[in-house]
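The values are calculated or read from the model by the stated rules, or taken from the named source; none is laboratory data. Because the structure is a prediction, the values reported are computed rather than measured. Here the Cβ positions follow ideal geometry from the backbone for every residue, glycine too, while neighbour counts run over all protein chains shown. For the accessible areas, the whole protein counts, side chains as well, though only heavy atoms, and no ligand, DNA or RNA atoms are used. Shrake-Rupley method; radii C 1.70, N 1.55, O 1.52, S 1.80 Å.
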Amino acid sequence: MAVIISIVNQKGGVAKTTTAVNIGAALGNMGKRVLIVDLDPQGNATAGLGFSGAAKRSLEKTTYDVIMGEVRPAEAIVETKFKNLSLMPSTQSLAEAEIRLIRFENKNMQLKKAILQVRDSYDVIIIDCLPSLGVLALNGLNACDRIIIPMQCEPYSLEGVAELINTVKRVKNSSNRNLQIMGIVFTMVDTKLKVNREVMSAIKSKFPPDIFFNAEIPRNVKLTEAPSHGEPIMYYDPTSKGADAYARLAKEVARKCKSMEEML
Ligand code: ADP
Ligand code: MG
């Protein structure tokens, strides 16, 4: 039965999608059966896994149809070119769900209800959330067991993460009792920059040390290039620093999933 992980941060551009796609690909390569759920109308995970242009237009059903309860998840899920990696794709239409779900009685639980139908078919399900804390993001927080928070070392990062952690606590106390933070991962790290180092130690001082993943993701141009080639970094450039960092992060995630599987 899959461990379900949401990649969350209400700030855009902090590497949520990069983290979802690259942890997913690395876990798939390690022999885990992985599903990535694209829960962002921007569809960046969908494009980053090769579905752009004609391939994107050929997608018949998407996360939108699933979250609206109109199709079963298995009807929307497609296989990617990458080992053990499946995708529930999304397109711009998902933005409509944010409005239409308001009328649903259990509007925050639609994704969870759907995902439970396919939980047995995978070892890990990774939900790539959109940059917001609205209805769609709440579906992401309710559907998962664990969250991973990608964080950039910037002076204002801390405020955003404090708000996010409060939201996580609210969801945990109301509708998803087993929800826990798997970890915070620093992304786009440039340790040559003094401000980066200073902000990182300021952030670290505010949290228990074991909340941080050991792996830190460096700023790496190959990670910027890979999405436009529709490939995870370990396929686009396996020798890059970015590929190495995400492989290390994926190993930590696999270890944490293993100790969770024993509880499931
Ligand atoms: P989010 O999903 O949080 O909005 P993305 O994963 O799309 O963020 O990343 C934002 C941009 O930064 C993308 O263009 C991505 O390719 C780039 N990027 C992400 N991580 C790195 C990194 N470690 N080094 C360089 N560029 C990165
Ligand atoms: Mg994204």
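Tell me the relative contact order for the range 102-255 as a rounded percent, counting alpha carbon contacts under 8 Å between residues six or more apart.
Numbers: 159 pairs, mean separation 27.0, N = 154.
It rounds to 18 percent for the range 102-255.
Using Cα-Cα distances under 8 Å and only pairs 6 or more residues apart, what relative contact order does the chain have, in percent? Walk me through the numbers before you get to the answer.
Working: 503 pairs, mean separation 70.8, N = 264.
Computed over the chain, the figure is 27 percent.
Counting pairs of alpha carbon atoms under 8 Å apart in space and at least six apart in sequence, what relative contact order in percent does the range 1-133 give?
RCO, the range 1-133: 45 percent.
Going highest first, how would you order 91-102, 145-156, 130-141 by mean Cβ packing within 10 Å? Walk me through the numbers before you get to the answer.
Values: 91-102: 15.9, 145-156: 19.9, 130-141: 21.7.
Answer by packing, highest mean first, reads 130-141, 145-156, 91-102.
Rounded, prolate or oblate: which fits the range 1-77 when a ≥ b ≥ c are the square roots of the eigenvalues of the alpha-carbon gyration tensor, with rounded for a/c under 1.5 and prolate only if a/b beats b/c?
rounded
Could you compute the net charge surrounding Asn166? Neighbours are other residues with a C-beta less than 12 Å from the C-beta of Asn166; K and R count +1, D and E count -1.
Value of the local net charge: +1.
Given a 1.4 angstrom probe, what's the average accessible area per residue across the range 1-62, in square angstrom? Walk me through the numbers before you get to the answer.
Values: 2000 Å² over 62 residues.
Ligands and nucleic acids excluded, the figure is 32 Å² per residue.
Quick one: net charge around Leu130, please, counting Lys, Arg +1 and Asp, Glu -1 for every other residue with C-beta under 14 Å from its C-beta. Walk me through the numbers before you get to the answer.
Numbers: positive: Lys11, Lys16; negative: Asp38, Asp40, Glu96, Glu98, Asp128.
Taking every Cβ under 14 Å from that of Leu130, the sum is -3.
Can you give the net charge of the other residues whose Cβ lies under 11 Å from the Cβ of Phe213, counting K and R as +1 and D and E as -1?
Result for the neighbourhood of Phe213: +1.
Ignoring ligands, DNA and RNA, what percent of the accessible area of the chain is carbon or sulfur (1.4 Å)?
On the way: 6030 of 12060 Å².
Exposed carbon and sulfur together represent 50 percent of the surface.
Work out the FRET efficiency for Gln117 and Phe207 from their Cβ-Cβ distance, taking R0 = 30 Å, and round it to the nearest 0.05.
Efficiency, from the Cβ-Cβ distance: 0.25.
Tell me the label-point distance for the pair Lys194, Thr224, using the 7 Å Cα-to-Cβ offset, in nm and rounded to one decimal.
The two pseudo-label positions are separated by 2.4 nm.
What pairs in Lys172/Lys251; Lys16/Lys112; Lys81/Lys204 have C-alpha atoms more than 29 Å from each other?
Violating the 29 Å Cα-Cα cut-off are Lys81/Lys204.
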